[in-house]
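Working notes for the structure below.
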Amino acid sequence: MAAQVDHTALFAAVPTPCLVLDPGLVIVDVNAAYLETTGRARDDLVGRHIFQAFPDNPDDPEADGVRKVNASLHRVLATRKPDTMPLQKYDIPVPHRPGMFEERWWFLVNTPVLGPDGQVAWIIHRGEDVTAFVKAHQATRPAGVRVDKKLEAAESLEAELYARTRELQRLNEELRRAHTREREVAVTLQEAMLHTPDLAHHYQDVAVRYQPAVGSLNVCGDWYDVVDIPPDQLALAVGDVIGHGLRAAAVMGMLRSALSAAVRALVRPAQALEVLGLYARSIEDALGTTAVEVIVDRRSRLITYSSAGHPPPILVHADGRTEFLDQATDPPLGARPQHVPRPQASLHYKQGNTLVLYTDGLIERRDEDIDTGLNRLTGVLSECSRLGPEQMADAILARLGVAGGGSDDVALVIVRL
């Protein structure tokens, strides 16, 4: 793995200002954050001795930045161990204004990089600019009051904490941006993989919805599928992969395709889930996935189903009565160490009934029993039993508070039988 890391790009992107020095204290590299903080150009620094590039302020008789930093760097060379400096005033030259210096306060850390011989090959000089923090503290002091050593030490510690906090804020922002980019890619991939050509044949009878999670990493593990099995059968499935992001979306795509192929070949929900369970054992992160497969035979008006640890589908009668399809429930994929045939159950339906399949994001809420969510869903279904599939889907999402997305993915399939 190490050979695949672009360390040059990694160093350039580090948000904390850093210099790299050789044992002679000559600057050999500098990252973008350091250039931005000091206002200097790369060519103005690389190849120069650190104290030629950053001398003491000649107009400050108390300036001792060079002495203290030099002592720290030589401690690193001698001990081959990192050296953390206390709060340090070290003015820096103002770019393009010869002889002018700007007051700066720093939290500095010098870290050795050892070569094959065990000696210091490089020193990473990391400097966190805490000038704004120090000046804000200075502004609160009465004029002419000297600061004792205890207060000075406390302020130094506060400055260090301030520097650490700023670094964490930057890292959190980078993580947020990275998550946003991954989420956008994952959702796009998910939507592309959920394309269901057979759905066009049932645009009046079938409604599907996919709502990605919002404000959460748990996105892109849910799926739905609608498959025509000639001459008069319809296969329906929903599933939920454990995990999030691009990896979950990829696993979802593989499992969805495998189940779709299995049910076309076998035309039995239990056998299709058995095949899927065996296939899941060969895919990293696929174990623990839940899924339910349902076949609707329109000629005999028979629903046949099997579930792998998934919330039960619901049959909604025309009068609003609801019925759970929970007589063929088995553990999630890969939950058993040995292969065991999965159960399967059937029931008849009447024309005008509605079949609803969904994932747990529709019903589960934090600190709430799942039965509460199921009862809430059946209550909404009873009230919406006379709506068409599209109107019912919209009403369910709105009434359950996930029309704009929830804390988990939601996949929903509604079929008017």
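Numerical summary
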item: Sequence of Leu315, Leu355 once ranked by neighbouring C-beta atoms within 10 Å, starting from the fewest; result: Leu315, Leu355
item: Among 374-383, 305-314, the order from most to least packed when residues are scored by Cβ within 10 Å on average; result: 305-314, 374-383
item: Extension gain from Asp6 to Phe324, taking 0.36 nm per residue of separation minus the Cα-Cα distance; result: 109.1 nm
item: Label-point separation, Asp22 to Ile229 (7 Å along Cα→Cβ), nm; result: 7.3
item: Label-point gap, in nm, between Gln204 and Val113 - each point 7 angstrom along Cα→Cβ; result: 7.0
item: Rg/Rg_ref, segment 277-395, where Rg_ref = 2.2 N^0.38 Å and atoms are Cα; result: 1.16
item: Exposure proxy order (Cβ contacts within 10 Å, fewest to most) of Arg80, Arg299, Arg256; result: Arg299, Arg80, Arg256
item: Over segment 196-416 - Rg/Rh using Cα atoms and the Kirkwood inverse-distance radius; result: 0.94
item: Packing-based exposure ordering (other Cβ within 10 Å, fewest first) of Tyr224, Tyr210; result: Tyr210, Tyr224
item: Paramagnetic reach from Ile242 in segment 266-310 [backbone N under 11 Å; point 7 Å along Cα→Cβ]; result: 285-290
item: Length gained when the stretch Trp122-Arg298 is fully extended (0.36 nm per residue, less Cα-Cα span); result: 55.9 nm
item: Linear extension gain, His74 paired with His317, 0.36 nm per residue minus alpha-carbon span; result: 79.2 nm
item: Sites Thr84 and Arg365, calculated FRET efficiency, Cβ-Cβ separation with R0 51 Å, nearest 0.05; result: 0.65
item: Coordinate range along principal axes, alpha carbons of segment 24-141, Å, largest first; result: 49, 32, 26
item: Calculated P(r) of segment 42-100 - Cα pairs past 19 Å, %; result: 40
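None of the figures in this text is laboratory data; all of them are computed from the coordinates on show. Predicted model, so just to flag it, every value in this text is computed and none were measured. Cβ: placed from backbone, ideal geometry, glycine included. Neighbour counts: every protein chain shown.
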